[in-house]
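The next block holds one structure in the form of structure tokens; read it before the comments.
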Amino acid sequence: MTSLTVSAFQVPPPRKVAAAAVAVQSSKEPPFSPVTPSTTATTSDFSTPSQIRQLHARLIKSGLPLSSSASALPLLRVAAVCALSSPSAFSYARQLFRVSDATVSETVLWNSHLNTLSSSPSPADALVLFSRLLFAGVPSDSFTLSFVLKACSRSPCALPLGRAVHGLVEKLGLRFDVFLLNTLVHMYASRGDTVAARLLFDVMPVKDVVTWNIMITHYTKSGEMVVARQLFDLMPERSVRSWTAMIAGYVQWKNPREALRLFREMELAGVKPNEVTVVAVLAACADLGELDLGKRMHEFAKQRSLHKNNVRVCNTLIDMYIKCGCVEMARHVFDAMDERTVVSWSAMIGGHAMHGEAEEALELFSRMRETGLEPNGVTFVGLLHACSHMGLLEEGRQFFRSMTEDHGIVPEIEHYGCMVDLLSRAGLLEEAREFIRKMPVKPNSVVWGALLGGAKVHKNMKIGEEAIQHLMVLDPLNDGYYVVLSNIYADAGQWEDVGKVRRMMKDRGLKKTPGWSTISLDGVVHEFVAGESDHPQTEEIYKRLDELLEKLRCRGYIPDTSAVLLDMDEKEKEHVLYRHSEKLAVVFGLMNTPQGTPIRIMKNLRVCSDCHVALKLISEVTNRAIIVRDRNRFHCFSHGSCSCRDYW
DNA sequence: TTAGGGTTAG
């Protein structure tokens, strides 16, 4: 007889009430259970003030008095959320509260709603509700203010209101409430008022570890790592979050070495990492190619069962393995994941692309589409890279069209860069130039650099000169472009122009960036810089390299001196090539690892053509896999050939 | 019923 049929109230819920469903669904008791235990109604079925009144009326008719708090509280929850829609709905909710015998105070009731709204997708709703509470004279407590401050932190333009709440905190004598003051510091920091945040931090009579963490995190996020570190060094006690905030900051601001140094210090201090630390450390390992530590973090994640359950940990693991040259391990992690996001798919697609495995990248994309997951801009960067690295011209064009036509993604500068790269490498230099001319966004140095690269491969001096004109304006201090232009002239035997480029570099005070390569052995990173010889094993390395080059010459290796941008004779140029850092690092690896172990090298520049030929032959002569991560992609040398199939 | 750290393009 009291069946509250859901169908009677079914209307499309307005946006504002979305939070109501969250509020009630997250509570332990099913909504309206005292009345209709079997109903599946949710608050979204009762979403307007008039529907609430109808529901109220039915409750009264059903004989269940509103004073029974078991039936009143769910109704009050709904009413309170509807209170946002108008002042009259707000008054109605307050009336409901007064006639009910709810066991909590009115402030507690509203606090609960403020809490829900402040962490909802539209935190400004909490501010609307708070203004109604203030206007109606409902008393606030420290909980009320902390929820409002949280909403201010998350709403743009809410700084003035946040300041007003700060005034209220003082007025209510709550300045010794550390919790509330922490929320205030966080509010100032997240609304960009560093000065106010720091001032409050400095004068706070009592601070706890959270206070320090908030301030440190703010500095790390704004790139003020030195200030963050000062606070970190000063703080009286540190939690795992303090360490993690600093480590993540160093990773974010491209100082992965310091991140790992601090991580080791953290381990020595006996602090156990959590999953966020794992993510940050893995990201540092990815940057540095630190496979050993990356594997150790993977083991740690397995012990804590993070290797399947935590998508972010898995995504970072995939990225780490890819950037350390272990695409198969990355794929292993990817395949074992229970749940994958667009980040997981994009990372794996991009990983296959970086390793020249275009087929796998494209196949993975088809599988991703089958799951119904929508790709994003990053997914397409990976796909376009796969196409350009492997010369899949038509597929690349198709993806570029499809990203806009089928997926509504507006191409960004990275996508244009990939397309110019794709066209230029394929030798369609005129088309690439036309493509740049028609681009709706201003071409950057990556775009012109791609055209220059194509001009070098296809020996097109005119287009190379055009590209360099733009590059000299966009990125005047980058020496790499001059080197490429000089290579183009050298290829054509125009030595006078080679000289001109050299003089141009000299006039601008540019020196060729020294190439370096690193190899990690038992957790120690060994760095080799072209031409430098301060490694303790230098003498032995050169001796072994000499022997190796002799073997290579027997197999037809002729040093390709065109990559050397110096005014010297051929013999001297050969000597420069001979000291290239990747050759030294590979020989060091051969000397210090057992036969059969792959050698993994990281390089700051692109592998030069001479080293590319040499490394192919070295892999054959020594029967070793050599994996080189250069600034663009991976080259996996094995049995005399390279995974890039010489297309790079 | 309140606060703080994390993933893909380079």
Whole Å is fine, so just give me how far the alpha carbon centre of segment A:92-118 lies from that of segment A:588-606. 67
If you stretched the chain out fully between A:Leu477 and A:Gln398, how much longer would it get, using 0.36 nm times the residue separation minus the C-alpha to C-alpha distance? 24.9 nm
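For chain A, what is the calculated [θ] at 222 nm in deg cm²/dmol (nearest 500), taking -39500 (n - 2.57) for each run of four or more DSSP H residues and dividing by its residue count?
-19500 deg cm²/dmol
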How are the Cα pair distances of segment A:414-554 distributed, in percent, across 5 Å bins from 0? 2, 9, 15, 15, 13, 12, 13, 11, 7, 3, 1, 0
Between A:Arg600 and residues 5 or more places away or on another chain, which pairs have amide H atoms under 5 Å apart, with H built 1.01 Å from N, and which residues are they? A:Ile627
For chain A, the percent of accessible surface on carbon and sulfur atoms (probe 1.4 angstrom, ligands and nucleic acids excluded) is 55
Average accessible surface area per residue within segment A:70-160, 1.4 Å rolling probe, Å²: 38
Residue-by-residue Karplus 3J(HN,Hα) for segment A:249-262, coefficients 6.51, -1.76, 1.60, Hz, glycine and proline x: x, 4, 5, 4, 9, 6, 10, x, 5, 5, 4, 6, 4, 5
Contact order normalised by residue count of chain A, Cα under 8 Å, 6+ apart, percent: 6
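Pairs A:Lys150/A:Lys308; A:Lys221/A:Lys456; A:Lys512/A:Lys571: which are spaced more than 30 Å apart, C-alpha to C-alpha?
A:Lys150/A:Lys308; A:Lys221/A:Lys456
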Roughly what angle does helix A:429-438 make with the longest principal axis of chain A, taking Cα atoms, 0 to 90 degrees, to the nearest 10? 30
Helix A:377-390 sits off the longest principal axis of the Cα atoms of chain A, rounded to the nearest 10 on a 0 to 90 degree scale, by 20
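Estimate the FRET efficiency between A:Gln54 and A:Thr103 by the formula 1/(1 + (r/R0)^6), using the beta-carbon distance for r and 22 Å for R0, to the nearest 0.05.
The value I calculate is 0.25.
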Accessible area in the full protein assembly, largest first, 1.4 Å probe, for A:Arg401, A:Arg98, A:Arg238: A:Arg98, A:Arg401, A:Arg238
Taking H placed 1.01 Å from N in the peptide plane, check which residues at least 5 places from A:Leu521 or on another chain put their amide H under 5 Å from its amide H. A:His526
Å² per residue, accessible surface of segment A:413-507 at 1.4 Å: 48
What's the extension gain from A:Met461 to A:Glu237 if we count 0.36 nm per residue and subtract their Cα-Cα distance? 74.4 nm
Centre separation in Å (Cα based) which lies between segment A:161-209 and segment A:335-389: 45
Among A:Arg425, A:Arg367, A:Arg132, what's the order by accessible area (1.4 angstrom probe), most exposed first? A:Arg367, A:Arg132, A:Arg425
Sorted on mean Cβ neighbours within 10 Å (highest first), peptides A:278-290, A:447-459 come out as A:278-290, A:447-459
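For chain A, take the convex hull of the Cα atoms, compute a quarter of its surface area, and give me that in nm², please. Please report the intermediate quantities before stating the final value.
Working: hull surface 142.7 nm².
For the Cα atoms of chain A, the hull's average projected area reads 35.7 nm².
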Output the antiparallel fraction of DSSP beta bridges having both residues in chain A, as a percent to the nearest 5. 80
Less than 19 Å apart at the alpha-carbon level, and either on another chain or at least 8 residues along: which aspartates and glutamates does that give for A:Lys616? A:Glu357, A:Asp546, A:Glu547, A:Glu550, A:Asp560, A:Glu574, A:Glu582, A:Asp630, A:Asp646
Once A:Glu434 and A:Asn376 are pulled to full extension, the length gained, defined as 0.36 nm per residue separation minus their Cα-Cα distance, is 18.2 nm
Which angle from 0 to 90°, rounded to the nearest 10, does the C-alpha axis of helix A:275-288 make with the longest principal axis of chain A? 20
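The values are calculated or read from the model by the stated rules, or taken from the named source; none is laboratory data. Being a predicted model, the structure only gives us computed values, none of them experimental. Cβ atoms come from the backbone with ideal geometry, glycine included; neighbour counts cover every protein chain shown. For accessibility, only protein heavy atoms count, side chains too; no ligands or nucleic acids. Shrake-Rupley method; radii C 1.70, N 1.55, O 1.52, S 1.80 Å.
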